[in-house]
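Below is one structure, written out as structure tokens, with a few remarks after it.
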Amino acid sequence: MPFLYFSFHVDTMLLGIPAQAVIELTRSPEVSRVPGAPDHVRGLINLRGKLAIAIDLRRRMGLVSTGSEVEQHICIFLEADDQLIGLLVDGVNEIFSLDGNDFVPSPIDLGSQNRTLVTGAYRLPNGLLHILNTAHILNIETEKP
């Protein structure tokens with residue numbers, strides 16, 4: 001049975017989430033800062049009267065910011081753990097229909113803070129589609145000594 005995944009990229013990494021989780025897309029939404037929020041929480045976004053937590057996925061994944069991508073964000077709205085989230089990503093790609101039998105554990109080490117964030121990957125003709133665990137987007141795991 002095929003699974004549909006909405007794909008997008010952050011830096012050079014191709015990521016995907018279940019297509020049915022996507023509510024809406026917006027280019028460069030207005031974000032209201034929240035004092036004291038973690039670095040990856042850019043603030044709040046108003047989506048038709050509902051507040052969404054704006055997550056900078058580049059920062060959330062510990063990727064280096066170039067500064068130029070800030071004004072070019074695309075926001076993917078989704079609901080995860082009963083929270084409305086706006087994922088700020090560098091660009092959107094396509095919807096993939098993939099067979100569940102082709103799903104494999106992520107073949108590369110994505111670092112300790114991303115171990116629960118990326119659940120695995122699908123091999124594509126031009127690389128990998130890493131699948132995000134939307135339930136863990138708001139959580140940050142730290143390595144235990």
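Things worth noting here:
- Segment 14-52 - residue that is touching a Lys or Arg at 6+ places or on another chain (Cβ under 9 Å) and acidic (Asp, Glu) and, of those, least open to solvent (accessible area, probe 1.4 Å): 24
- Restricted to segment 95-109, and to residues there that are open to solvent by less than 60 Å² (accessible area, probe 1.4 Å) and not in a strand (DSSP E or B), the residue that is modelled with the highest pLDDT is 100.
- Tally, over segment 119-129, of residues that are in contact with a strand residue (DSSP E or B) (Cβ under 8 Å, 6 or more places away or on another chain) and open to solvent by 10 Å² or more (accessible area, probe 1.4 Å): 5
- Among the residues listed as 47, 98, 51, the single one being more than 28 Å from residue 127 (Cα to Cα) and in contact with a Phe, Trp or Tyr (Cβ under 9 Å, 6 or more places away or on another chain): 47
- So residue 92, is it assigned to a loop (DSSP other than H, G, I, E, B) and open to solvent by 20 Å² or more (accessible area, probe 1.4 Å): no
- The number of residues in segment 1-13 that are over 16 Å from residue 74 (Cα atoms) and surrounded by fewer than 16 Cβ atoms within 10 Å (Cβ to Cβ) comes to 3.
The values are calculated or read from the model by the stated rules, or taken from the named source; none is laboratory data. Note that the structure is a prediction, hence the values are computed from the model and not measured. All Cβ positions, glycine included, derive from the backbone under ideal geometry; neighbour counts span all protein chains shown. The area values use the complete protein model at the heavy-atom level, side chains included, leaving out ligands, DNA and RNA. Shrake-Rupley method; radii C 1.70, N 1.55, O 1.52, S 1.80 Å.
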